[in-house]
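K.L.:
Here it is, the structure, as structure tokens.
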Amino acid sequence: MSPIIDADTHLMEPETIYLDHIDPKHRDDALVVARDDRGWPWLTHRSERLFRIDSHTPGHPELIGDQQRRFAEGGSWQEPEHPIADPWQPAERIANLARNDVDASILFPNLGLGWGERLSAQPEALFANLAAYNTWLLELLPDCEQRLFPAATLSLKDLDWFCAELDRVAKGGCKLAMISPSPVDGKALAHPHFDRAWAALQDHDMSMCFHVSNIALPLDPAWYALDPEPVNKLMDTAFLYLAPAVALASLIAHGKLEQFPRLRIGVFELSAGWVPGFLMHLDGAFHFYTQQRGHPLAKLSLRPSQYFKRQVRVNAFALEGAAHLMDLAAPEIFMWGSDYPHAEGMREPSWPLYRKTQPRDLSDAEGAALGGRNAAFLLSL
């Protein structure tokens, strides 16, 4: 029987995580949670405020809106009425899995999602804080009982650093590496420069993860300029899938999944409704390009969509109706996820509740694939 694996949950990190775990020689570059004169917490770097930290109540995004209004109106920060009972402690989170008929979960950061691009021009600070988070994860792993699978955080800005850090977290037991789906220093991820990274991931039997995070916005800045929000702009949310879709199209069309057939890629909290049309258009574009130019962009032994089905798995929001997506694409692609304990996610990380959101009954095979087998593929279980 396939395990039930929640493919998208989050660790609500302790406020001192970076200060406590950064290499001492980079302590001045540690990210710090500091409170303003009204008590509101901010993530800061060298006293510069990067973003204000919201308090999450699972399944209640409107409470984030209440905090936004209270802050804008000059109000003081208030302790959440219902604090999260299992913010990061492995024992409490494992107990929550049991209450919700879930065998395991994949975990991503919370604070760690919001600052990557902000430090991209300061590589030493970027690497030091990514490594600090990973050091904290490695301390947690012995208590995770092969039921909690946190993703390490990495950057491709320096491949020597990437490969050394990947080796460290792999030896410590991590199975997932979260990176940005954006170009790096003007190079697309399909550029041969990054082949060393894909080979390292493949050799370590680790999966690459794209997750919603602070990345370079993929559209022209003019499309975002009319929105006053500093983060989570509406156009960014509407086109969540754009950066990973372009990255995957480039990697596949330029032959990287042909070259690295054991490279596994997961797409998390970036929506899934785009996948069926994307696969159709990717196949069509590759075929048209080959006919029009007289040769393919790269020599492929499979259709582009077949590489996607073989090596890519995508987390579907409950509202997207993964059952219908499986009809249009393939059952081996999609994973369920609760986004627990984020406000915009499910109130409980529950597979039975997620299954009830489906537009039709799932067959046993579909339930096994969506419920855990596809996530288990990424974890090499």
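Read-outs: derived from the displayed coordinates by stated rules, not from any lab. What you see is a predicted model, and the numbers here were worked out from it, not measured in a lab. Virtual Cβ from ideal backbone geometry, glycine too; neighbours counted across all protein chains shown.
K.L.:
Could you please rank 1, 206, 12, placing first whichever residue has the fewest other Cβ atoms within 10 Å of its Cβ?
P.N.:
Going from least to most buried by this count: 1, 12, 206.
K.L.:
Under 5 Å between amide H atoms, partner at least 5 residues away or on a different chain: which partners does residue 314 have, H built in plane at 1.01 Å?
P.N.:
267, 334, 335
K.L.:
While we're on this one: Specify the longest stretch of the chain that does not include any exposed loop site, a site being one of the GluC sites (Glu not before Pro) with a non-H, G, I, E, B DSSP assignment and at most 10 other Cβ atoms within 10 Å.
P.N.:
With GluC sites (Glu not before Pro) excluded where exposed in loops, the chain gives 82-381 as its longest stretch.
K.L.:
Calculate one ³J(HN,Hα) per residue across the stretch 210-227 by plugging θ = phi - 60° into the Karplus curve 6.51 cos²θ - 1.76 cosθ + 1.60, and present them in order as whole Hz with x for glycine and proline.
P.N.:
9, 9, 3, 6, 7, 10, 4, 5, x, 9, 4, x, 4, 5, 9, 5, 7, 9
K.L.:
In units of 2.2 N^0.38 Å, what is the alpha-carbon radius of gyration of the stretch 152-292?
P.N.:
For the stretch 152-292, the normalised Cα radius of gyration is 1.11.
K.L.:
By counting other Cβ atoms within 10 Å of each Cβ, how are 118, 93 ranked from fewest to most?
P.N.:
Ordered by Cβ neighbours within 10 Å, fewest first: 118, 93.
K.L.:
Given H placed 1.01 Å from N in the peptide plane, which residues other than close sequence neighbours of residue 13 have an amide H under 5 Å from its amide H?
P.N.:
Residues meeting the amide H criterion: 110, 111.
K.L.:
Would you work out the relative contact order for the chain, in percent, from Cα pairs under 8 angstrom that are 6 or more residues apart?
P.N.:
Taking the mean separation of contacting Cα pairs over the length of the chain, I get 22 percent.
K.L.:
Using θ = phi - 60° and the Karplus form 6.51 cos²θ - 1.76 cosθ + 1.60, what ³J(HN,Hα) does each residue of the stretch 77-86 get, whole Hz, x for Gly and Pro?
P.N.:
So the J values, rounded to whole Hz, are 5, 10, 4, x, 5, 10, x, 5, 6, 10.
K.L.:
So what's Rg/Rh here for the stretch 15-137, counting alpha carbon atoms and using the Kirkwood radius for Rh?
P.N.:
1.00
K.L.:
Any chance you could run the full-extension gain for residue 289 through residue 47? It's 0.36 nm times the residue separation minus the Cα-Cα distance, nm to one decimal.
P.N.:
Numbers: separation 242, 0.36 × 242 = 87.12 nm, distance 5.08 nm.
My answer for the length gained is 82.0 nm.
K.L.:
Check residue 148: other-chain or 5+ apart residues with amide H under 5 Å from its amide H, H built from backbone geometry?
P.N.:
105
K.L.:
Also, I was wondering about something else. Using the Kirkwood formula on the Cα atoms of the chain, what hydrodynamic radius do you get, in angstrom to one decimal?
P.N.:
About 21.5 Å for the chain.
K.L.:
Taking the beta-carbon count within 10 Å as an exposure proxy, list 301, 105 from fewest neighbours to most.
P.N.:
301, 105
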